[in-house]
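The structure appears below as structure tokens.
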2 protein chains.
Amino acid sequence: MTQPSDKALVPFVSVDHMMGLVHHLGIEATLRGLAAHIEEDFLRWESFDKTPRVAYHSDVGVIELMPTSDGEMYGFKYVNGHPKNTSEGLQTVTAFGLLADVYTGYPKLLTEMTLLTALRTAAMSGVAAKYLAPKDARVMAMIGNGAQAEFQSLAMKAMVGLEEVRLYDIDPAATAKCARNLAGSGLRVVPCESAEAAIEGADILTTCTADKQYATILSDNMVGSGVHVNAIGGDCPGKTELAPGILQRASIFVEYPEQTRIEGEIQQLDPDHPVTELWQVMAGNAEGRTSEAQVTLFDSVGFAIEDFSALRFVRNAIEGTRFFTPLDLLADPDDPRDLYGMLMRAAPEVAA
Amino acid sequence: MTQPSDKALVPFVSVDHMMGLVHHLGIEATLRGLAAHIEEDFLRWESFDKTPRVAYHSDVGVIELMPTSDGEMYGFKYVNGHPKNTSEGLQTVTAFGLLADVYTGYPKLLTEMTLLTALRTAAMSGVAAKYLAPKDARVMAMIGNGAQAEFQSLAMKAMVGLEEVRLYDIDPAATAKCARNLAGSGLRVVPCESAEAAIEGADILTTCTADKQYATILSDNMVGSGVHVNAIGGDCPGKTELAPGILQRASIFVEYPEQTRIEGEIQQLDPDHPVTELWQVMAGNAEGRTSEAQVTLFDSVGFAIEDFSALRFVRNAIEGTRFFTPLDLLADPDDPRDLYGMLMRAAPEVAA
């Protein structure tokens, strides 16, 4: 049987490869690498095609395709969201992604993105904190100790030098899991019995809970002056975590206002409530933190450009490593007009 | 290192697998199998979600995502179109596709679709001819002898009992290639030196040329009464193959009028020119061929539901065969909240 030509082979990064790559680079270096790619892409924000995601909704979940392009590369992520899956022993969210060459249309990378999305979400929070958190932020309260908690904590360590994380979850088992996982990470880990205890002395308040409804994880009086609020869990219509009073007091920074006003914390506010696009701060076109007393809020919902940055990072990071396999995904006949001839030549030899 | 659980594995059909599968089943059986799945899906046309395709255009080509769903399964195809690729030794079109379970959002099949699209396009023509071609059609003129020509010829043999194919292409090398490939297929193959010679005695006229402009492959006087015209090559805005006079005389059948009016032959007609949806003929809601003298035209552009049918076919056909490999595409931690723990447990063991 003929061997596929190199042109027909697409590097594939499996879950196992992705885990190997992260260990190979080190998790903090991975998070910093992702953050660097996100920063690069945010600094050229206007060169991106911002196609709306294409969602297919059913009674029990949603399947989305999130494409974007910078004009040279094209990327998309497939991601599902099925909250009921957990009770059936399946993941709520699974994802994979593809990067292709705009000039040829040829795919250049296929990769798992469940782990990668968790990593890029944390890296994004790290980037926002780099621009918005108080100088010398060393202590973070981590409210909600689910799948994202360890990644968030390590991203803050990698990006702003976090030293202590104070954990709280309504489920003590989640806190115990997170504390166990972060032992040996170099962070001081303090499990707390209430959200109020967790925020004691914290410079950064990160909320990442799974309640699929308007919930008040942080009430107004819990947010002192000068803190940076990193709100991750308000990420779909009908799901928020912060009391409206916090939003009224805070300087609010977002990825892409058109999307955040539908999915983020600010869905609770008037549609013309002022917000600042984070890329404008990074580009020096808008101010980030301007005073010590200011409450800054990063209302994170996740945007296609961050997935694109993550795909670029992986494509660069796997080069020269063993953390991918070539996938025979593209038919590549010697003569493009002779697809049928290629098929015929692949016929199994008949035994004599 | 931990083995991924079965839940995390997605069957992957490479180009090599696809070719093996076609030889395993036989190409005519493959085409009939695809046709049967297309017919099943066209008969439940109204149960499909008809999301418009999402296209990213550049100066040199287009990258498209074509999703659809029947409420139980969700499918999409990635496909590019880069006419200039041929001159660089690359394919104009490459494609792959995914089928997922709507209830869980989990992918269930990833497959090459360059070959599969060629096969399903031919199977679709075969289905249309079954409903529209004159009874006992035995001779087809094949105008345009590129990548699709052999597949079209064999689909007509498999679906309506075609016995003779008369080949013509402006490039004699393409005709020679096609004739060579079809030798031994059971079809009588007649290379012709003009389109006029090719259509002599033909019951079915298939046009599939690559001219990317308004061209007249068939002029009005070339289309006699009673024939079935199977027009494949008019498949994007600005690209048509038939003289308007043919369209005025013919009963026109289309896949999805909203799309065909933009991409098909009928872009040359008034937007309210009457056309019949093929699925309505199949369902018995509309008439197909009603007289011997009638000229029928299938204005084929290709629709997402046909790709969905093709994905379903492949998923069924590979069961119990060796024509796929399990791909570790989905992260599947034992505890969904413990993605980080899964990552940690995958750490390479340190040598003593």
Practice item. Convert each backbone phi in segment B:56-63 into a coupling constant with the Karplus relation 6.51 cos²θ - 1.76 cosθ + 1.60 (shift: θ = phi - 60°), then list the ³J(HN,Hα) values in order as whole Hz, x for Gly and Pro. Key: 10, 9, 10, 4, 10, x, 9, 10
Exercise for review: Let me know the mean shielding of B:114-124 by other chains, meaning the per-residue number of their Cβ atoms within 10 Å of its Cβ.
Suggested key: 2
Revision key, fill the gap. Sorted shortest first, the nm distances from the residue A:130 label point (7 Å along Cα→Cβ) to its counterparts in the other copies are 5.9
Exercise for review: Give me the compactness ratio for chain A, meaning the Cα radius of gyration over 2.2 N^0.38 Å.
Suggested key: 1.08
Review point. Past the 20 Å Cα-Cα mark, which pairs from A:7/B:84; B:130/B:239; B:130/B:157; A:50/B:108; B:130/B:177; A:84/B:108?
Key: B:130/B:239; A:50/B:108; B:130/B:177
Check your understanding: By accessible area of protein heavy atoms, probe 1.4 Å, what ranking do A:113, A:159 get, highest first?
Key -> A:159, A:113
Review point. Which distances, shortest first and in nm, link residue B:47 to the matching position in the other copies, using label points set 7 Å out along Cα to C-beta?
Key: 4.8
Practice item. With runs of 4+ DSSP H residues as the only contributors, calculate the mean residue ellipticity of the protein assembly as shown at 222 nm using -39,500 (n - 2.57) per run, divided by the residue total and rounded to the nearest 500. Key: -9500 deg cm²/dmol
Point to revise | For segment A:141-235, the Rg and Dmax computed from alpha carbons only, in angstrom | key: 12.1, 35
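Local charge sum around residue A:268 (other residues, Cβ-Cβ under 13 Å, Lys/Arg +1, Asp/Glu -1)?
-4
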Check your understanding: What aspartates and glutamates sit close enough to residue B:135 to cross-link, taking a C-alpha to C-alpha distance under 16 Å and skipping anything fewer than 8 places away on the same chain?
Key -> B:163, B:164, B:203, B:287, B:292
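For chain B, which whole percent of the accessible surface, found with a 1.4 angstrom probe, sits on carbon and sulfur atoms?
With neighbouring chains kept in place, the figure for chain B is 51 percent.
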Point to revise | Between helix A:15-25 and chain A: long-axis angle, C-alpha atoms, 0 to 90°, nearest 10 | key: 60 degrees
Exercise for review: Tell me the distances, shortest first, between residue A:245 and the same position across the other copies, using label points 7 Å along Cα→Cβ, in nm to one decimal.
Suggested key: 8.2
Study note, to complete from the structure: For chain B, dividing by residue count, accessible area per residue (probe 1.4 Å) in Å² works out to 37 Å²
**Study point:** Cα Rg, Dmax (largest Cα-Cα span) when computed across segment A:122-303, Å
**Key:** 14.9, 46
Review point. If one takes the accessible area of chain B alone plus chain A alone and subtracts that of the pair, with a 1.4 Å probe, what total in Å², rounded to the nearest 100, results?
Key: 7200 Å²
Study note, to complete from the structure: segment A:15-68 and segment B:1-50 have their Cα centres apart by a whole-number Å value of 29 Å
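Take peptide A:87-100, look around each residue's Cβ out to 10 angstrom, count Cβ atoms belonging to other protein chains, and average those counts.
5
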**Study point:** Formal net charge of residues neighbouring residue B:128 (Cβ-Cβ distance under 10 Å; K, R +1; D, E -1)
**Key:** -1
**Study point:** Under 12 Å, Cβ to Cβ, from residue B:174 - net charge with Lys/Arg +1 and Asp/Glu -1
**Key:** -2
Exercise for review: Please find the FRET efficiency linking residue B:7 to residue B:44, where r is the Cβ-Cβ separation and R0 is fixed at 25 Å, and quote it to the nearest 0.05.
Suggested key: 0.30
Revision key, fill the gap. Quick calc of log₁₀ I(q)/I(0), the protein assembly as shown, Debye, one scatterer on every Cα, no solvent, q values 0.09, 0.10 1/Å, result -0.80, -0.93
Review point. In whole Å, what is the distance between the alpha-carbon centres of segment B:307-346 and segment A:165-207?
Key: 34 Å
**Study point:** Exercise: per-residue mean of other protein chain Cβ atoms within 10 Å, A:65-71
**Key:** 3
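The values are calculated or read from the model by the stated rules, or taken from the named source; none is laboratory data. None of these values were measured; they are calculated from a predicted model. No Cβ is skipped: glycine too gets one built from the backbone with ideal geometry, and neighbour counts run over all protein chains shown. Just the protein is used for accessible areas: all its heavy atoms, side chains included, with ligands, DNA and RNA removed. Shrake-Rupley method; radii C 1.70, N 1.55, O 1.52, S 1.80 Å.
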